[in-house]
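**Q** I have a structure here, written as structure tokens, and I will follow up with some questions on it.
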Amino acid sequence: MKDLKFEQKRSLSRVEAADQLTAIAAALREGGDVELELGAVKLSLRIPDDLRGELEVEVGDGEMELEIEFKWPTTRARIAPSQSGAGKAATKRKSLPAKPRRSGPGGSRKEGLKRSATKAP
């Protein structure tokens, strides 16, 4: 179930559509708390620095559809006050894939193990 959904459907001129996109672009550029005026409605949003985007174009049934979608989490990741800046960097590193360790020139540790496991006794 969604916490909130706002949907607005109406006919627009090209200029009105451009004005609406310009307002959204300005809100994205500024970030933080922003108010978008969408016709008679004001929508307040908190926009973070990082978000995910999707652009979709569909052509069919005599119509063209352009969909621009941005997503971001509704909550911010919180770090305990006792952690230092080094703790933040360590947290980020945990999410990255581990790099293979080198066992010697030209091969990774895993490859060395693989070779020794395939040798006949």
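**Q** Report the paramagnetic label zone for ALA40: residues of the range 1-24 whose backbone N is under 19 Å from a point 7 Å from Cα along the Cα-to-Cβ axis.
**A** Under cut-off, by backbone N: 6-13, 16-17, 20.
**Q** Which FRET efficiency, nearest 0.05, do GLU30 and VAL59 yield, Cβ-Cβ r, R0 25 Å? Mind showing how you got there, number by number?
**A** Numbers: r = 34 Å, r/R0 = 1.34.
Result of the calculation: an efficiency of 0.15.
**Q** Now, a different point. Starting from the Cα of LYS2, step 7 Å along the direction of its Cβ; do the same at GLU67; then give the gap between the two resulting points in nm.
**A** 1.1
**Q** Rounded to whole Hz and in sequence order, give me ³J(HN,Hα) for the range 32-40 from the Karplus expression 6.51 cos²θ - 1.76 cosθ + 1.60, θ = phi - 60°, writing x for Gly and Pro.
**A** Per residue, the Karplus-derived 3J(HN,Hα) values read x, 7, 9, 10, 9, 9, 10, x, 8 Hz.
**Q** To make sure I understand the rule: partners must be aspartates and glutamates, Cα under 15 Å from the Cα of LYS9, and not fewer than 8 residues away in the same chain. Which ones qualify?
**A** GLU37, GLU65, GLU67
Each reported figure results from applying straightforward, stated rules to the coordinates on display, with no laboratory input. Note that the structure is predicted; figures quoted are calculated from it, not measured. Here the Cβ is made from the backbone with ideal geometry for all residues, glycine too, and neighbour counts use every protein chain on show.
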